[in-house]
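See below for the structure under consideration.
Coordinate-derived values only; no laboratory data. Computed from a predicted model, the values in this text were never measured in an experiment. Here the Cβ positions follow ideal geometry from the backbone for every residue, glycine too, while neighbour counts run over all protein chains shown.
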Amino acid sequence: MLAMTAAALIALLITTWLTPKVKEWAVHRGVVDHPEARRINKTPLPRAGGIAIFIGFLIAAVLAITARQLSSGKHDWTFSIFGVLVAVTAAALLGLIDDLYDLPAKWQALALIGLGLLLFLMGVRIEGVSNPFTPINGSYNPTVNWHPIGLATSIFLTIVWVFTVVKTVDAIDGVDGLAAGVCAISAATLALMSAQLHPSDGPTLQKYDGPTLALLASAIVGACIGFLRHNHHPARIIMGTVGAWVLGTALAAISILGAFKVATAVSVIVPILVLGVPIFDYVHVVTRRVLARAPLTRADKRHLHHLLLARGWSQTQVTYFLYGLTLLLCLSAYALFQIMRAH
């Protein structure tokens, strides 16, 4: 717990300090969101604040994992953990390109598919599914409940999950402080669960991945809270694509290496609940676009926060309501996680 707190604090301090400097750079570079029909900001806002989130997260993660490995002698720097940081770095670069040049939707989609494939190649992959209907003496036996999947299916599911999580985080970044706060709550839940993971919980869990994943998730929490210092209503800067893609990629990767590999009925339910608010919002929006025969890639005001604002809610009310809903879903996920591991 001390190492997790240290990782979060380092990320928080770095991100808090760096965000105003990123803001100055964005204004000077002209990386600014101007008011328009689909946006709710009334004045120009510098974007790409996610650069600070990325740097705070990366420095905190590297320092925390290295310190743990040096102090304990354990092999925390596994290939897959290194792969997470490589993929998050790639997400930051691709997201920054989008913030600078507004990439067409098809190029954004290809970039996200590439991130999913990169994670797969680095060993961050969905390798199987659990069967909740074959309990043995009231408990779950990984050798019976866990069913490996083929290579093609693994690639497909990994890419779909990464694509979905990144897009959902990107989609809720429409109200001051919403995306950063929701990601902080989700990451905190993943950190608490990851810290308790053990190889006996699943046949593909690595010996040191659990505590190391907890450090990564804690760094996300700190970076998000540090950014909220400048992003809460009224926001002085927004995270932009770079921030949404960094957070989405990191959360997707941590859930793949952690919760998805638990050989119980919650291996799929838990990560979906943890990221329930953005996932529900994204599915809701896509469904309404399909029913309206509108282009799936066209930005609009069908998101949940837009609907609440249209009902007269303030940005602060919308933000805290969705924080509360996220917390409720995360508590449910954590309770399920504990119940299933106890049997």
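List M239, M122 from most exposed to least, where exposure is judged by having the fewest other Cβ atoms within 10 Å.
Result, fewest neighbours first: M122, M239.
Evaluate E = 1/(1 + (r/R0)^6) for D102 and W313, where r is the Cβ-Cβ distance and R0 equals 25 Å; express this FRET efficiency to the nearest 0.05.
It comes out at approximately 0.30.
Under the 0.36 nm per residue contour assumption, what length would be gained going from the current alpha-carbon distance of A152 and L336 to full extension?
63.2 nm
How would you rank M4, M193, going from fewest to most other Cβ atoms within 10 Å of each one's own Cβ?
Least to most surrounded, the residues fall as M4, M193.
What's the ranking of 22-31, 165-174 by average number of surrounding C-beta atoms within 10 Å, highest first?
165-174, 22-31
Taking 32 Å as the cut-off for C-alpha to C-alpha distance, list the pairs among K74/K106; K21/K167; K74/K167 that go past it.
K74/K106; K74/K167
Need the full-extension length gain, L2 to R229, defined as separation in residues times 0.36 nm minus the C-alpha distance. One decimal, nm.
Using 0.36 nm per residue and subtracting the Cα-Cα distance, I get 79.4 nm.
What distance in nm separates the simple spin-label points at V129 and S72, each placed 7 Å from Cα in the Cβ direction?
Result: 3.3 nm between the two label points.
Mind listing the long-range amide H neighbours of V32? Cut-off is under 5 Å, sequence gap 5 or more, other chains count too, H placed in the peptide plane at 1.01 Å from N.
Placed amide hydrogens put R47 under 5 Å from V32.
Describe numerically, in nm with one decimal, the distance between label points set 7 Å from Cα along Cα→Cβ at F79 and at W17.
Placing both labels 7 Å along Cα→Cβ, they lie 3.6 nm apart.
Evaluate the distance, in nm, between pseudo-label points positioned 7 Å from the Cα of V86 and of H34 along their respective Cα→Cβ axes.
4.1
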